[in-house]
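Asks: Dropping a structure here in structure tokens format, bear with me for questions.
The values are calculated or read from the model by the stated rules, or taken from the named source; none is laboratory data. Note that this is a predicted model, so its numbers are computed, not measured. Note: ideal-geometry Cβ built from the backbone for every residue, glycine included; neighbour counts use all protein chains shown.
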Amino acid sequence: MFKENFITPKKIKIIIVCFVLFSITIIICALVDNFSRMGKVAVEVKYAPLEASVFIDNQDYVTNNAINYLELGHHHVMVVMNGFKTLEEDVEITKDTKY
């Protein structure tokens, strides 16, 4: 009878190397994410309707219903939506700030 060995030592080595590389990638991504948040405060932004745009310091990177990380200090916040008055406010972000 024909007998195949589907799990060879070579295949096991390949699987282990792939798992190790995947694990290292996940760890590096987590470290980069954590380092990018150092010195910043988590600010949760919630706004409606979703068609509105929120700018912080003239940058349109604010995500609705999500945690956004801002550096400590002074920031200019602007909310814009067609057909509505633009809302602008200067805010001071500290480690204890709650908005």
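Asks: Just one of Cys29, Cys18 is modelled with pLDDT of 85 or more and either under 14 Å from the mean Cα position of the chain (by Cα) or aromatic (Phe, Trp, Tyr) (or both); which is it?
Replies: Cys29
Asks: Let me ask something else. Is it the case, given these coordinates, that Phe2 is farther than 20 Å from Glu92 by Cα, out of contact with any Phe, Trp or Tyr (no Cβ under 6 Å at 6 or more places or on another chain), of a type outside the set (Lys, Arg) and at pLDDT 85 or above?
Replies: The answer is no for Phe2.
Asks: Then there's this: Name the residue that is nearest to the chain's Cα centre (by Cα), counting only residues in region 56-89 that are in a strand (DSSP E or B) and of a type in the set (Gly, Ala, Ser).
Replies: Looking at the filtered set, the residue picked out is Ala66.
Asks: Checking the structure you have, find out if any residue of region 35-55 is farther than 30 Å from Val80 by Cα, part of a helix (DSSP H, G or I) and without any contact (Cβ under 8 Å) to a residue 60 or more places away in the chain.
Replies: Checked against the condition, which is being farther than 30 Å from Val80 by Cα, part of a helix (DSSP H, G or I) and without any contact (Cβ under 8 Å) to a residue 60 or more places away in the chain, region 35-55 yields at least one hit.
Asks: Determine whether Lys10 is exposed (fewer than 10 other Cβ atoms within 10 Å of the Cβ), of a type in the set (D, E, K, R) and farther than 17 Å from Glu89 by Cβ.
Replies: So Lys10 fits the description; yes.
Asks: I need a count of the residues in region 41-53 that are within 20 Å of the chain's Cα centre (by Cα) and either of a type in the set (Gly, Ala, Ser) or modelled with pLDDT of 85 or more (or both).
Replies: Counting residues in region 41-53 that are within 20 Å of the chain's Cα centre (by Cα) and either of a type in the set (Gly, Ala, Ser) or modelled with pLDDT of 85 or more (or both) gives 2.
Asks: Within region 30-82, work out how many residues are of a type in the set (Ser, Thr, Tyr) and surrounded by fewer than 13 Cβ atoms within 10 Å (Cβ to Cβ).
Replies: 3
Asks: To continue, here is another question. Select from region 90-99 the residues that are surrounded by 10 or more Cβ atoms within 10 Å (Cβ to Cβ) and either at pLDDT 90 or above or not in a loop (DSSP other than H, G, I, E, B) (or both) and list them in ascending order.
Replies: Selection gives Val91, Ile93.
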